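Here the structure is laid out as structure tokens; the discussion comes afterwards.
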Amino acid sequence: MMTDEKWEELRQEEEMAYFRADLCLSSSESYSLEEKKDICNGMMSTSKATLDAMRADFESMPPELRCKLLDMLCQSGVESPEWWWDVLVGEGDPLYRDLEPLE
């Protein structure tokens, strides 16, 4: 299981990646193509790291708790039940499963 400190670190890394993207969008002419590529890759890698950590935590739970948690998440209205299944049980979020970093 991930510690609260590690979750906070992942959250801050992802938040910073998306903050950089917002800055770039507000002044795109100030960024080179290479910088824009790095920003996109940063958003993708931090979001994927967070989803991977969610999956690892989920897999570390006892089966009965995983079942209850998955049911609760699917009924929460946050994302679709299919998304939760893909992320926690299936092959992962289709976006990050199929998308390669920009080179």
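Can you confirm whether residue 97 is in a helix (DSSP H, G or I) and either open to solvent by less than 70 Å² (accessible area, probe 1.4 Å) or modelled with pLDDT of 95 or more (or both)?
Numbers: in a helix (DSSP H, G or I): yes; either open to solvent by less than 70 Å² (accessible area, probe 1.4 Å) or modelled with pLDDT of 95 or more (or both): no.
Here the answer is no, as residue 97 does not meet what is asked.
Let me spell it out: the conditions are (1) surrounded by 11 or more Cβ atoms within 10 Å (Cβ to Cβ); (2) within 28 Å of residue 72 (Cβ to Cβ); (3) of a type outside the set (Ser, Thr, Tyr), and residue 20 meets all of them except one. Which number is the exception?
Going through the list (1) surrounded by 11 or more Cβ atoms within 10 Å (Cβ to Cβ); (2) within 28 Å of residue 72 (Cβ to Cβ); (3) of a type outside the set (Ser, Thr, Tyr), residue 20 breaks only (2).
Of the residues 93, 57, 98, which single one is without any contact (Cβ under 8 Å) to a residue 24 or more places away in the chain, of a type in the set (Asp, Glu) and out of contact with any His (no Cβ under 7 Å at 6 or more places or on another chain)? If you could, list the steps in order and put the result at the bottom.
On the way: 93 fails: without any contact (Cβ under 8 Å) to a residue 24 or more places away in the chain; 57 fails: without any contact (Cβ under 8 Å) to a residue 24 or more places away in the chain.
That would be 98, the only listed residue that is without any contact (Cβ under 8 Å) to a residue 24 or more places away in the chain, of a type in the set (Asp, Glu) and out of contact with any His (no Cβ under 7 Å at 6 or more places or on another chain).
Tell me, which residue of segment 38-91 that is among the polar types (S, T, N, Q) and part of a loop (DSSP other than H, G, I, E, B) is least open to solvent (accessible area, probe 1.4 Å)? Explain how you work it out, then say what you get.
Just the residues of segment 38-91 that are among the polar types (S, T, N, Q), to begin with: 41, 45-47, 50, 60, 75-76, 80.
Remaining after also requiring part of a loop (DSSP other than H, G, I, E, B): 60, 76, 80.
Details: 60: 66, 76: 62, 80: 45 Å².
Step by step, filter segment 38-91, then rank; the result is 80.
When residue 3 is evaluated against the numbered criteria (1) within 21 Å of residue 81 (Cα to Cα); (2) open to solvent by 50 Å² or more (accessible area, probe 1.4 Å); (3) β-branched (Val, Ile, Thr), which criterion, by number, is the only one it fails?
Unmet for residue 3, out of (1) within 21 Å of residue 81 (Cα to Cα); (2) open to solvent by 50 Å² or more (accessible area, probe 1.4 Å); (3) β-branched (Val, Ile, Thr): (1).
The values are calculated or read from the model by the stated rules, or taken from the named source; none is laboratory data. Remember, predicted model here, so these are calculated numbers, not experimental data. No Cβ is skipped: glycine too gets one built from the backbone with ideal geometry, and neighbour counts run over all protein chains shown. Accessible surface areas use protein heavy atoms only, side chains included; no ligands, DNA or RNA. Shrake-Rupley method; radii C 1.70, N 1.55, O 1.52, S 1.80 Å.
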